[in-house]
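The values are calculated or read from the model by the stated rules, or taken from the named source; none is laboratory data. Bear in mind the structure is a predicted one, so any value in this text is a computation, not a measurement. Glycine also receives a Cβ, built like all others from the backbone with ideal geometry; neighbour counts cover every protein chain displayed. We work out accessible area using only protein heavy atoms, side chains counted, and drop any ligands, DNA or RNA first. Shrake-Rupley method; radii C 1.70, N 1.55, O 1.52, S 1.80 Å.
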Amino acid sequence: MKKVFLAVLGLCLIVSSAWADVEINATNFPDENFRNYVIVSCDLDNDGSLSDAEIEYVTNIDVHNKNISSLNGIEYFTNLTELNCAINQLIELDISNNIALEELYCDHNQLTEIDVSNNIQLKEFWCGYNQL
């Protein structure tokens, strides 16, 4: 009986960690302008963190021309189908976790490379005016 209880307890701990909220802070979203966008546009209950439901709800992020230098934290939005981050100061963009992405507009930045090998759903991809 103890072994079953411990196994169930262990499973509950693993499952509960998957449901942990993502704090909207400088660690998870280092760029202040992107962090402010997440606060205003994604934190639907205004509690300073993103629940799994809030994260799943986000399918479109439009931060073009918002003076953003880092999109670190974009990896949390795994249901993202459209990302417009054109006309910023991005020098890197990691979208390897955003495998549902269908449209990506990252033109007019300072990217020197971009890896879209995980983004097999991409239908529109604009990346001109970078340093590729």
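The table that follows gives values for the structure above.
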| read-out | value |
| --- | --- |
| Which numbered condition ASN98 misses (of (1) over 18 Å from GLU124 (Cβ atoms); (2) in contact with a Ser or Thr (Cβ under 7 Å, 6 or more places away or on another chain)) | (1) |
| Pairs with Cβ under 8 Å, 6+ apart, first in segment 22-45 and in a helix (DSSP H, G or I), second charged (D, E, K, R) | ASN33/LYS66; PHE34/LYS66; TYR37/LYS66 |
| Lone unmet requirement of (1) assigned to a loop (DSSP other than H, G, I, E, B); (2) farther than 24 Å from LYS123 by Cβ; (3) of a type in the set (D, E, K, R); (4) in contact (Cβ under 8 Å) with a residue 12 or more places away in the chain for GLU92 | (2) |
| Residue check, ASN65 polar (S, T, N, Q) and open to solvent by less than 20 Å² (accessible area, probe 1.4 Å) | no |
| Qualifying residue in segment 40-47 (condition: at pLDDT 95 or above and in contact with a Leu (Cβ under 7 Å, 6 or more places away or on another chain)) | yes |
| Boolean, TYR57 is closer than 16 Å to TYR37 by Cβ, modelled with pLDDT of 95 or more and in contact with a helix residue (DSSP H, G or I) (Cβ under 6 Å, 6 or more places away or on another chain) | no |
| Subset tally (residues that are in contact with a Phe, Trp or Tyr (Cβ under 6 Å, 6 or more places away or on another chain) and open to solvent by 40 Å² or more (accessible area, probe 1.4 Å)) for segment 73-115 | 2 |
